[in-house]
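Participant: To start, I am sharing the structure in question, which I have written as structure tokens.
Read the figures in this text as sums done on the coordinates, not as results from a lab. Computed from a prediction, not measured in an experiment: that's the story for all the values here. Backbone-built Cβ (ideal geometry, glycine too); neighbour counts: all protein chains shown.
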Amino acid sequence: MMSTLHTTSADAGLDRRRFAWWRTLGKAGRRAFAGAFGGYALDSYDYQVLPLGLVAIAAYFHVGTGQAGLLSTVTLVVSAVGGALAGLLADHIGRVRTLMITVGTYAVFTVLCGFAPNFDTLLVLRALQGIGFGGEWAIGAILVAEYAHPRYRGRAVGFVQSSWAVGWGLAVIVYEIVFNLVDQAMAWRVLFWTGALPALLVIYVRKRVKDAPHAAGLPEAVRPRASFFAIWRDGLARTTFFASLLATGVQGGYYTLATWLPAYLKTTRHLSVVNTGGYLAFAITGAFLGYAVGAYLSDLFGRRRTFALFAALSAVLIVAYAGVPVGTGDSFVMVLGFPLGFCASAIFSGFGSFLAELYPVAVRGTGQGFTYNFGRAVGAVFPTIVGFLAVSVGIGGAMLFGALAYGIAVLALLGLPETRGRVLA
């Protein structure tokens, strides 16, 4: 059963009031939204403790920028495997049960990272954290997409995406408190230990959240057919290829920023912890608003146009951000962090709805989990490349490499259809 285009008959009696996307979810859908929103916010939190503590970690273990960047890359590469497996698991055992597994996994291994006695152990534990980190977003997005009304799906799933900025902001606040109260050699460990927070969310999801009826009622005879081979058959191969390429471009650009921006501000711009937090506040505020605006635009203008718009703007802003001479224009860099965070985040708002609309229900988890996380794995190479390039050209110059990723995203759109308004049959 493939998704079909939404027809005007489905608009009969449609709620057109403000925040109709929230009302039309229904009680069960709003609980699913809360579980997915909280899961992704804490997913973001547990991811961000690494780039925020990266300078301290590198100093503690006496490693260079190339090895430090490897910590981020191994997280993202392994998260791609975890995300793909989680998507497959969601088609077999359901969305909610898989969501609990992913949240519990990334929480446990984030805490264990704080006990790492050496760099190699930290690398292994961070990789294992990536298994849970990779699966949470895809599962939460599918869960909400299957409850959302076709006309408002972009907004409903896009606002789940906005929780990444919430988790990022919370991580920065905790980072400033911890690094101002605790010696740097211990502070990065404390930051990882606070990653136990998601365990509380698992209790809520277990008690209150259920799969959407049409997904929960999928015949058992259909579930076993979900496999990675299935998304390359029955006319889905083209979709899977170009969706994977789109995810690669968008995430290659984003993870370059997420991994190296804090280090760039601290080592190249020579900002204190407090000032770095101030700069990041502009980027995070821009990110949250970007997710929200991108969610509305994906429903208003369509998924493909919204992707293309923000890919182009993100590439231009990376060049502008890294091009401001060191020692001058610091106030300009702070202000520029707002549109940079806005555009680099807005491009993600349409992902959850777009990928869900591209695949039929029997392989929706598999398709979304594979394509998004394939892009994460390949895109994860970008932070490491930037880390090694930084040795010769500096972090600011190396970050320009991330702008190339957005060009890949625009090219991928040429092979994908517009899906705005599709009914998830």
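Participant: How much length would be gained if the chain were fully extended between Leu181 and Arg97, taking 0.36 nm per residue of separation minus their Cα-Cα distance, in nm to one decimal?
Facilitator: Details: separation 84, 0.36 × 84 = 30.24 nm, distance 3.87 nm.
Fully extending the segment from Leu181 to Arg97 adds 26.4 nm.
Participant: Alpha carbons only, please: Rg and Dmax for the stretch 99-234, in angstrom.
Facilitator: So, for the stretch 99-234, Rg and Dmax equal 18.5, 58 Å respectively.
Participant: Mind putting a number on the dipole of the stretch 89-182 about its Cα centre? Charges go on the C-beta only, +1 for Lys and Arg and -1 for Asp and Glu, and I need it in Debye to the nearest 20. Mind showing how you got there, number by number?
Facilitator: Details: 6 positive and 5 negative charges, 74 e Å.
The dipole magnitude comes to about 360 debye.
Participant: Given labels modelled 7 Å from the Cα in the Cβ direction, how far is it in nm from Thr285 to Ser392?
Facilitator: Spacing of the two 7 Å Cα→Cβ label points: 4.0 nm.
Participant: Something else now. Report the extension gain between Leu411 and Arg206 in nm, rounded to one decimal, defined as 0.36 nm multiplied by the number of residues separating them, less their alpha carbon distance.
Facilitator: Contour length minus the Cα-Cα distance gives 69.7 nm.
Participant: Sticking with this one: With r defined as the distance between the Cβ atoms of Val316 and Ala199 and R0 fixed at 51 Å, what FRET efficiency is calculated, to the nearest 0.05? Don't skip to the end; give the middle numbers.
Facilitator: On the way: r = 41 Å, r/R0 = 0.81.
In this case the efficiency is close to 0.80.
Participant: Only counting other Cβ atoms within 10 Å, I'd like Thr121, Thr75, Thr306 sorted with the fewest neighbours first.
Facilitator: Least to most surrounded, the residues fall as Thr121, Thr306, Thr75.
Participant: Which value results for Rg/Rh of the stretch 66-128 when Rg is the Cα radius of gyration and Rh the Kirkwood radius based on the inverse mean 1/r?
Facilitator: Answer for the stretch 66-128: 1.05.
Participant: Under a crude label model (7 Å from the Cα following the beta-carbon direction), how far is Glu418 from Val381 in nanometres?
Facilitator: 3.3
Participant: Another question about this same structure. Classify the stretch 18-155 as rounded, prolate or oblate, taking a ≥ b ≥ c as the square roots of the eigenvalues of its Cα gyration tensor: rounded when a/c is under 1.5, otherwise prolate if a/b is larger than b/c and oblate if not. If you can, show how the numbers build up before the last one.
Facilitator: Values: a/c = 2.91, a/b = 2.22, b/c = 1.31.
Because a/c hits 1.5 or more and a/b exceeds b/c, the stretch 18-155 counts as prolate.
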